[in-house]
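The values are calculated or read from the model by the stated rules, or taken from the named source; none is laboratory data. Keep in mind that this is a model prediction, so the values were computed, not measured. Backbone-built Cβ (ideal geometry, glycine too); neighbour counts: all protein chains shown.
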Amino acid sequence: DGEVYKYYADGEWRASASGKTVAIVNPTTRQTQYRVQACTQEEVNKVMDAAKVAQKSWARTPLWKRAELLHKAAAILKEHKTPIAESLVKEIAKPAKDAVSEVVRSGDLVSYTAEEGVRILGEGKLLVSDSFPGNERNKYCLSSKVPLGVVLAIPPFNYPVNLAVSKIGPALIAGNSLVLKPPTQGAVAALHMVHCFHLAGFPKGLISCVTGKGSEIGDFLTMHPGVNCISFTGGDTGIAISKKAGMVPLQMELGGKDACIVLEDADLDLVAANIVKGGFSYSGQRCTAVKVVLIMEAVADTVVEKVNAKLAKLKVGPPEDDSDITPVVTESSANFIEGLVMDAKEKGATFCQEYRREGNLIWPLLLDHVRPDMRIAWEEPFGPVLPVIRINSVEEGIHHCNASNFGLQGCVFTRDINKAIMISDAMESGTVQINSAPARGPDHFPFQGLKDSGIGSQGITNSINMMTKVKSTVINLP
Ligand code: G3P
């Protein structure tokens, strides 16, 4: 049961010597849809060796040629958007239209990365010594950016293609090789995306994709001595990785509890539209989803009413029908969400809709009058359930936001730009959106989380820079 896919190593598709596979369960049917190889540690070792060898000659390949291959891969990726989107629908229940957008956005991201790489990596720096006290003008320092080596990319299930290429593109343009470990849900879409890079004609061993059980190859990969950089997007596993990883640069995007602060003077229709889009698109399974609404009491009733009217219009059902709300990724995820909902129920939250679940499908739910003693005030449901906390002052909202262990993004709705800037400055989160829901894109914008939300900054430019190191040569005149 379930079509079997091979893993990608040394420019070839291979079956694992383990003879074992890992099942990918369709979140909608809850049946096994696909199977991917359960790679062994020995296979990981081989991939690492090949990546190390391939990187050496790739780093010597002219930058314009590296860019040319990336442009080619981007075009092939876009040509393959339909079958890749079909796997996204079956593996992660992403609504059909959003699945296509993910692939197109990924093609654009790869092209932009190629262009940006050519721009920023084509520049170096020249320093002269006599600006520092005690020196004559007899030393010239030439510095440029060089690759790190082998980059390990671990994307999450919610954007298995886009959050893979956001690591692959920068790594490759900068002259690194790349080992991809896709999430199990989403692995087939990721393998298909890798196939597009294969068709573009990248050298053997430069890109590999290993699949398998985290328990077997997870730590083995992240602690592997052959890895020179880790770029991870996901949940708590990132914290564990950062504790175990060796002396390599880390780029981490972990969870979020993005707050939406609503002031009395806000455009309330705009607020309602953004709460629905921000909180419920892809059924709330985005790190940047609005995960708590902190709203001034005076406008709370109106906004809750407007949001409820919009939620009633959302289409709930299978992703193939382009429903707005689709089944969440796994049964354990649905159970976790239900646990948060039940906790809020016991503690007296107001249910704006009846709680309804069939299998992994959870109907959109707004919980009003949530209080800080409820788990959902702090925890990330990663589902279509959104808490509303009524506040009596802006300070109360900022306090709640900053008391969170997360700090990815946040948003503030007000017509007063001065207040908006002051609130943004006070919010401990990597990005604050004024009058719009949080979002990572456009993909060249910096993207970063504070506290448990991450390490470093992403976005195309920052990722390219992060995957390089400065190398200097000093010319000493007699
Ligand atoms: O959940 C992953 C995060 O990167 C969100 O991206 O584009 O939905 O804001 P986006």
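Within the stretch 414-429, is even one residue on the phi < 0 side of the Ramachandran plot, in contact (Cβ under 8 Å) with a residue 60 or more places away in the chain, acidic (Asp, Glu) and more than 16 Å from the ligand (Cβ to nearest atom)? Yes, there is a match, as at least one residue in the stretch 414-429 is on the phi < 0 side of the Ramachandran plot, in contact (Cβ under 8 Å) with a residue 60 or more places away in the chain, acidic (Asp, Glu) and more than 16 Å from the ligand (Cβ to nearest atom).
When only residues in the stretch 431-449 that are buried (at least 18 other Cβ atoms within 10 Å of the Cβ) and among the aliphatic types (A, V, I, L, M) count, which is farthest from the ligand (Cβ to nearest atom)? Let's see the steps before the verdict.
Within the stretch 431-449, the subset buried (at least 18 other Cβ atoms within 10 Å of the Cβ) is 431-433, 437-440, 443, 447-449.
From what's left, among the aliphatic types (A, V, I, L, M): 432, 437, 439.
Details: VAL432: 14, ALA437: 9, ALA439: 4 Å.
Checking each candidate, the answer is VAL432.
Of the residues LYS419, LYS469, the single one that is touching a Pro at 6+ places or on another chain (Cβ under 8 Å), outside any loop (DSSP other than H, G, I, E, B) and surrounded by fewer than 21 Cβ atoms within 10 Å (Cβ to Cβ) is LYS469. When the stretch 1-13 is filtered for residues that are closer than 16 Å to ALA51 by Cα, part of a strand (DSSP E or B) and over 26 Å from the mean Cα position of the chain (by Cα), the ones remaining, listed by number, are GLU12, TRP13.
So for the stretch 237-259 (the condition being farther than 25 Å from SER463 by Cα and either in contact with a His (Cβ under 8 Å, 6 or more places away or on another chain) or not polar (S, T, N, Q) (or both)), does at least one residue qualify?
Let us first name the residues in the stretch 237-259 that are farther than 25 Å from SER463 by Cα, namely 259.
Restricting the remaining residues to those that are either in contact with a His (Cβ under 8 Å, 6 or more places away or on another chain) or not polar (S, T, N, Q) (or both) gives 259.
Checked against the condition, which is being farther than 25 Å from SER463 by Cα and either in contact with a His (Cβ under 8 Å, 6 or more places away or on another chain) or not polar (S, T, N, Q) (or both), the stretch 237-259 yields at least one hit.
Here THR414, THR461, THR473 are screened, and the one residue that is modelled with pLDDT of 95 or more, under 29 Å from ASP267 (Cα atoms) and among the hydroxyl-bearing types (Ser, Thr, Tyr) is THR414.
Looking only at helices (runs of 4 or more DSSP H) that fall completely inside the stretch 265-365, which ones have 3 or more residues that are β-branched (Val, Ile, Thr) and within 20 Å of ILE389 (Cα to Cα)?
Working: elements: 268-280, 297-313, 331-346.
By residue number, 268-280, 297-313.
In the stretch 47-104, of all residues being among the hydroxyl-bearing types (Ser, Thr, Tyr) and more than 29 Å from LYS277 (Cβ to Cβ), the one that is surrounded by the fewest Cβ atoms within 10 Å (Cβ to Cβ) corresponds to SER57. Kindly indicate whether any position in the stretch 130-140 is within 16 Å of the ligand (Cβ to nearest atom), in contact (Cβ under 8 Å) with a residue 60 or more places away in the chain and surrounded by 14 or more Cβ atoms within 10 Å (Cβ to Cβ). Within the stretch 130-140 (the criterion being within 16 Å of the ligand (Cβ to nearest atom), in contact (Cβ under 8 Å) with a residue 60 or more places away in the chain and surrounded by 14 or more Cβ atoms within 10 Å (Cβ to Cβ)), the answer is no, since none of the residues qualifies.
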